[in-house]
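Data first, discussion second: the structure below is written as structure tokens.
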């Protein structure tokens, strides 16, 4: 397990475990009770099944770089909530903030639940069904 | 003159008879409409809602001073579709395996995230893939198009009365022939590869599996239901819960390639299935 550093914050925020989906349970792979926040440069967006994958380079004060790999929901899920690859790829080469749940094995791998772009816009996965779409 | 009168009378009779026959034909085969094709069968043509279970929830999109919230519509999925569908056959929630295979099913189910071929981008096959996303209905065959993480399969199902192929290679989507039973399209599928599952809960099968799919119109929607028989491992045929699939205006799109990388990261056997 890598040492905790200031380049990412491990916050003990309890999130609703088990409602994120995969064809395995997220709890088999990720620390669902802990929220991880990573700040870094978005370097790649892979629009692949069964989960989309984004890569983020988080640079520390000492100049070293952590290469984070983040997966999220399936492409079909994003498509059906009106999001396509371009909605994430717009941030390539720019600073982003990603929130999610880290892999239980301690690697630089996590489940992305929210990404905030340099212009302040964001995409966030919410658990459960909202009462209705809103503006 | 007399001869000419006879000819005219005969012509009139023939014309009347022809007209009657035409009326009779028209009555037997109503004109093409939104719900019937020209040959009188229910019209199943169209694009249908994506019917594979997806993660629940919604996406919150913020930017430019606005906030938009959109939920995934899963009303045609296996878990989201109602089962009280007019025209459906009686069904049970789960298949009944012969006693000697029940431990194997339980083991496969308990270790699904390690043992399910679909988890590792395998083909779901019939009936696990569910109803098609697009149906093209022709006089002598049906064309089914699907979207799936394992690729985007297609099926061409003859409905001209021909028999199953004698020399087809085994496959995950099998060898299918269809016929109309009243207003229900009935598809008989055989000749399956023996290493697939017909359901997510460890429902393995053998090369003896035979699947009967049924599709019918329910108003603007279609009903879909499958019956699975495998006399080598099942105690009796299993008719699965029906699905109600809604029409869709969303065009089909090529599914991105499947690269499953989570297997090595799993720390336990927790799982919940896709279909």
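The values are calculated or read from the model by the stated rules, or taken from the named source; none is laboratory data. Nothing here was measured: the structure is a model prediction, and the numbers come from that model. Cβ sites come from the backbone with ideal geometry, for glycine too, and all protein chains shown count toward neighbours.
Of all residues in segment B:126-140, exactly one satisfies the criterion of being surrounded by fewer than 17 Cβ atoms within 10 Å (Cβ to Cβ), in contact with a strand residue (DSSP E or B) (Cβ under 9 Å, 6 or more places away or on another chain) and either within 14 Å of chain A (Cβ to nearest Cβ) or free of Cβ contacts under 8 Å to residues at least 24 places away in the same chain (or both), namely B:140. A count restricted to segment A:108-129 and to residues that are at the interface with chain B (Cβ under 7 Å from one of its Cβ atoms), in a loop (DSSP other than H, G, I, E, B) and closer than 18 Å to residue A:71 by Cβ stands at 1.
Residue-by-condition table, conditions (1) closer than 30 Å to residue B:139 by Cβ; (2) away from every other protein chain (no Cβ under 14 Å); (3) at pLDDT 95 or above; (4) touching a helix residue (DSSP H, G or I) at 6+ places or on another chain (Cβ under 7 Å):
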{"position": "B:34", "(1), (2), (3), (4)": "yes, yes, no, no"}
{"position": "B:39", "(1), (2), (3), (4)": "yes, yes, no, no"}
{"position": "B:56", "(1), (2), (3), (4)": "no, no, no, no"}
{"position": "B:66", "(1), (2), (3), (4)": "no, no, yes, no"}
{"position": "B:72", "(1), (2), (3), (4)": "no, no, no, yes"}
{"position": "B:75", "(1), (2), (3), (4)": "no, no, no, no"}
{"position": "B:94", "(1), (2), (3), (4)": "no, yes, yes, no"}
{"position": "B:98", "(1), (2), (3), (4)": "no, yes, yes, no"}
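When every residue of segment B:109-125 is checked against the conditions, at least one turns out to be under 13 Å from the mean Cα position of the chain (by Cα) and surrounded by 18 or more Cβ atoms within 10 Å (Cβ to Cβ). Quick check on residue B:219: is it assigned by TED's automatic domain parsing to the domain that holds residue B:127 and without any contact (Cβ under 8 Å) to a residue 12 or more places away in the chain? In short, yes. The number of residues in segment A:94-106 that are more than 10 Å from every other protein chain (Cβ to nearest Cβ) and part of a loop (DSSP other than H, G, I, E, B) comes to 2.
Can you tell which of B:58, B:81 is under 18 Å from the mean Cα position of the chain (by Cα) and either buried (at least 19 other Cβ atoms within 10 Å of the Cβ) or closer than 28 Å to residue A:80 by Cα (or both)? Please lay out each step first, then the result.
Values: B:58 fails: under 18 Å from the mean Cα position of the chain (by Cα).
Every option except B:81 fails the conditions.
Listed by first and then second residue, the pairs linking a residue in segment B:152-163 that is in contact (Cβ under 8 Å) with a residue 24 or more places away in the chain and in the same structural domain as residue B:254 (by TED's automatic domain parsing) to a residue that is assigned to a loop (DSSP other than H, G, I, E, B) and surrounded by fewer than 17 Cβ atoms within 10 Å (Cβ to Cβ), with Cβ atoms under 7 Å apart and 6 or more places separating them unless they lie on different chains, are B:152/B:254; B:159/B:140.
Residues in segment A:60-93 that are away from chain B (no Cβ under 14 Å) and closer than 20 Å to residue A:119 by Cβ: A:92, A:93. Within segment B:172-183, the set of residues being without any contact (Cβ under 8 Å) to a residue 40 or more places away in the chain and either crowded, with 17+ Cβ neighbours inside 10 Å or assigned to a strand (DSSP E or B) (or both) comprises B:175, B:177, B:178, B:179, B:181.
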